[in-house]
1. What is the one condition in (1) over 26 Å from the mean Cα position of the chain (by Cα); (2) modelled with pLDDT of 80 or more that residue A:322 does not satisfy?
2. Would you point out the residue of the stretch A:285-316, among those that are β-branched (Val, Ile, Thr) and crowded, with 24+ Cβ neighbours inside 10 Å, that is nearest to residue A:384 (Cα to Cα)?
3. Only one of (1) in a helix (DSSP H, G or I); (2) under 27 Å from the mean Cα position of the chain (by Cα); (3) within 14 Å of chain B (Cβ to nearest Cβ); (4) of a type outside the set (Asp, Glu) is not met by residue A:350, so which one is it?
4. Looking at (1) at pLDDT 85 or above; (2) within 11 Å of another protein chain (Cβ to nearest Cβ), which one does residue A:386 not meet, given that it meets all the others?
5. Which residues, counting only those in the stretch A:45-82, are touching a Leu at 6+ places or on another chain (Cβ under 7 Å) and assigned to a loop (DSSP other than H, G, I, E, B)?
6. If I filter the stretch A:170-179 for residues that are surrounded by 14 or more Cβ atoms within 10 Å (Cβ to Cβ), among the basic types (Lys, Arg) and part of a helix (DSSP H, G or I), do I get at least one hit?
7. Within the stretch A:194-210, track down each residue that is buried (at least 17 other Cβ atoms within 10 Å of the Cβ) and either assigned to a helix (DSSP H, G or I) or at pLDDT 80 or above (or both).
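The values are calculated or read from the model by the stated rules, or taken from the named source; none is laboratory data. None of these values were measured; they are calculated from a predicted model. Here the Cβ positions follow ideal geometry from the backbone for every residue, glycine too, while neighbour counts run over all protein chains shown.
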Amino acid sequence: MSQVLFLKGLMLGIALAFLLPILLPPGPRWRVPGGILLGLAAGLGIAASVPPGYLSYLVGFLTMASLYGLLALGLNTQWGYTGHLNFGVAGFFAVGAFTSALVTIEAPSGLAAQYTQVLFGLEMPFLVGVLAAALVSGVVALIVAVPVLRLRLDFLAIATIGVAEIIRLVFQNERWLANGPQPLRGIPQPGRCLFESRPCEWLPDSLAWVVEPLSTRDYTAFYLMVVAAFLALGYALIERACRSPWGRMLRAVRDEEASAAMNGKNVPFARIQAFVVGAMVMGVAGALYAHYTVAIDYSHFHALFGTFLVWIMLMLGGSGNHRGAILGAILVWGVWAGTAFLANALEPVLAAIHPELPGRAQYVRWLLVSLLLAAVVLFRPQGLLPEEMRVSNYLRGPRGR
Amino acid sequence: MAVPDIRRGTAADDQRRPGERLRAVIRTRVFLLVSLVAVLVAMYLAGLAAGAGGLRLLALTAWGLMLGGVIALGSIGLSLVYGVMKFPNFSHGALVTLGAYVSFSVMHLLPPGSTLRPLSFGYEFLVALVVAMPVVGLVALAIDRVVYRRLRRTGAHLVFFAMASLAMAFFLRSLIYLIWGPDFHFYYPGQANPALQLPLGIRIRADQLFILALAFVLVGAVYGLLARTRLGKAMRATADNPDLAQIRGIDTERVIAWTWMLGGGLAAAGGVMYGLSSQLRPEMGFWLLLPMFAASIMGGIGNPQGALLAALIIGIAHQVSTSFLDPTYGPAVAFVLMVLTLLIRPQGLLGRTEG
């Protein structure tokens, strides 16, 4: 096993060590240490056994699935726990992505400024960008939430679809803000210097030999590790918050608004809190996406990819269950990626029906995922891993678990 | 609303606090109308400030009325379904698109006739419109039978209906892409369509006047249906309280079936007219979705006259805003007016006060 392959396997293993403890069934004590060990072993094993092409496909797949996992987590706080019908996930995703890009990017000067216009470029570190994305996304959510959340549930759905559309229009039209309809390029990637021929300044010389053989092609595995770490952190924080009295209050507001109010809970404020927290998580996902793709433009935040897929993930995985949301994200992203192969396989069949159809094979994927959502809503609205109506970890029997 | 409330009597025995009294004033339809008009006036002033002349703004207003006709055709169906079924049907935009494309295909099956001057289309276009309306109505009905009826039987919460309708929106849209492809289409490609010269330099195509007239006729027809016929009364009763309607011997499933037929047919009419006034593209219904929702909420859900009135306001606001704003921001203008309505009076202009 070469040094490059070992490092790549190690990075994949660390990423899996973040993901597996989330996905393993809760309960047994060995869940977290076992998941970490299993993840590390699996990462090294996969790197040693599969061809490099498959390895980079797997890395890309897991990165996108983890990003969608974060989006599903945010939506779960809003829909699963509080019952907000947010059909504008793509809007908050876009706000997060563009905010983080603007905060970390280098403002173009000279000739480049004619081709790329930005409101500002602060050249801040990656983590500052992510934090700013969460904050701005939360502020946008607050502006939406305060007037609309007092009203009926269905009005929120209409309003959020409108907000997402307007956010997309702003990033499409306003050249001065983030380079208008043209892509905003050159978003910096964290830790990229480790993979370049001249390693980072902060890296001690004694360790330079470790990363020396890595090339920029191997960077994706490192970024998967970053995304997986954010997903694990987000899961831990939100799961903790939702198991605390705060989460019980949200569920009370969702199920029995009158009783919650009677017990002294401020119902509108609780709703706003959940909406804003969910939007902040979506903003973080947007930031991570921006640094993953390096160049973003408004067309990346289409309602299909930004909103619709996330809803299918959450509904299939199980609304009200964070583990289910992440499982759903991985499964549905698998289905989405798999239908690409299916669309290819279907091409001869489509060609037999009509000569123009093979060129439209990608829309078969849309058709299939929309039927998937309809089927989940009709036949299993609670999802694969239903919400646990558990009151206490220590209460066993019919009322507990 | 029209009946004076005995408890309120005269001003002297008004026991309400000043804040409550102010809120009651804000929640009246007059106040909503005044604020909407104020927004329109502000838009005209912004247009003047941006350098558009008076005649230009007048022409934009006329075009806005014409656009309002298209929005109205789409939103009366949406409003009707929303009123009876109680959930926002997000697939209505896809039904609008479907109507346009179905009529496009029907039209090409018919032998082309001579153009009915000054209109730009021949008899085959009208036949295609009349065919597309029941076809899309049947599609809407079929979706109800397969999806929404099951949800009704399990007593699902309205959010699941909304979610299913979002799934159906993407389903229909992908079908449209598969059948007709992603390219733009025109009903009559490459045909000159001269505008009529009206006084004050307003140039309007005869087609646009046809669209506006059709909107008024269809709104009148739906109003007549709701107010005069047995079916219309049954629809209003079902919208009010399905359980009571059933107790009084109304077959609510039949009423719901007719509602979908009507809603789908009206959506098709809206789509055909939208296609006539611009071009056919698979995302056209999605673009129209926000203005349509804004019109049905602003007019009062389930109220066709209200939807027409609101659609005309939105159409004018949309066109006038182009004098100082990028035209692609049209849906945003409709959205702002909708949020204003929700803040002031969620029941809308002509909706009932309690609700």
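1. (1)
2. Looking only at the stretch A:285-316, we keep the residues that are β-branched (Val, Ile, Thr), and these are A:293-294, A:296, A:307, A:310, A:312.
Imposing the further condition that a residue be crowded, with 24+ Cβ neighbours inside 10 Å reduces the set to A:296, A:307, A:310, A:312.
Numbers: A:296: 33, A:307: 20, A:310: 15, A:312: 12 Å.
By that ranking, first place goes to A:312.
3. Result: residue A:350 passes all but (2).
4. Among (1) at pLDDT 85 or above; (2) within 11 Å of another protein chain (Cβ to nearest Cβ), the lone unmet condition for residue A:386 is (2).
5. A:81, A:82 - these are the residues of the stretch A:45-82 that are touching a Leu at 6+ places or on another chain (Cβ under 7 Å) and assigned to a loop (DSSP other than H, G, I, E, B).
6. Checking the stretch A:170-179: not a single residue is surrounded by 14 or more Cβ atoms within 10 Å (Cβ to Cβ), among the basic types (Lys, Arg) and part of a helix (DSSP H, G or I).
7. So the first thing to find is which residues in the stretch A:194-210 are buried (at least 17 other Cβ atoms within 10 Å of the Cβ), and the list is A:194-195, A:199.
The answer is A:194, A:195.
Yes/no per residue for (1) assigned to a helix (DSSP H, G or I); (2) touching a residue at least 40 places away in the same chain (Cβ under 8 Å):
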site	(1), (2)
B:288	yes, yes
B:297	yes, yes
B:309	yes, yes
B:314	yes, yes
B:324	no, yes
B:328	yes, no
B:343	yes, no
B:346	no, yes
B:352	no, yes
